[in-house]
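Remarks on the structure that follows.
The values are calculated or read from the model by the stated rules, or taken from the named source; none is laboratory data. Please read all numbers here as calculations on a predicted model, not as lab measurements. Reconstructed Cβ throughout: ideal geometry from the backbone, glycine too, with neighbour counts over all protein chains shown. The area values use the complete protein model at the heavy-atom level, side chains included, leaving out ligands, DNA and RNA. Shrake-Rupley method; radii C 1.70, N 1.55, O 1.52, S 1.80 Å.
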Amino acid sequence: MQTTRISAAQAAMRIAMTLATVATALVALPALAADSGCATVEVQNVRPKQGRLMVAAYLDVGSFRKTSASSLDLAAGDDATVRFQLCGLSGTEVALTLFQDLDSNGKLNTNLLGVPSEPWGASGSPGVMGPKWDTTRVPLNGEPIVVRMSQ
């Protein structure tokens, strides 16, 4: 077996090229996630071990809060922060609405005035009057979408 010797400069160049390849791949990961039709969602302020998280994703103003492009129903889990993948998405924007169904009846409970009595949240900046397309839509660009639940 013949051994090939390389100089320190050649070794440094090979390492630099390898690192450049790895860096390029890491930069491309968010774009690959966006192209895959999936988004990483992080929900904060979840009540651990209580009920289910009900998530709906909308892709345009016409379907907002009418027909979701994707939805998910998952157990609240043990932690106050829950991360998951939401797939079935396309385009450049998405608006998420969600609530924690504490009594597992499949709907958001409200009081006599119509104010939610279960924790709720939405992407973007939904405001106190609830989510609207213009305040809830966020870029679908591979970056995690963070939603903070109400108390």
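Full extension from residue 44 to residue 90: what is 0.36 nm times the residue separation minus their Cα-Cα distance, to one decimal in nm?
The span from residue 44 to residue 90 would gain 14.1 nm if fully extended.
What does the accessible area of residue 128 come to, in Å² to the nearest 10, when a probe of 1.4 Å is used?
Approximately 140 Å² of residue 128 is accessible to the 1.4 Å probe.
Can you put 133, 120 in order of accessible area, largest first, using a 1.4 Å probe?
120, 133
Report the trypsin sites (Lys or Arg not before Pro) located in the range 43-87 that are in a DSSP loop and have at most 11 other Cβ atoms inside 10 Å of their Cβ, or state none.
49, 66
If you bin every alpha carbon distance in the range 75-151 into 5 Å steps from zero, what whole percent lands in each bin?
3, 14, 23, 23, 20, 12, 4, 1
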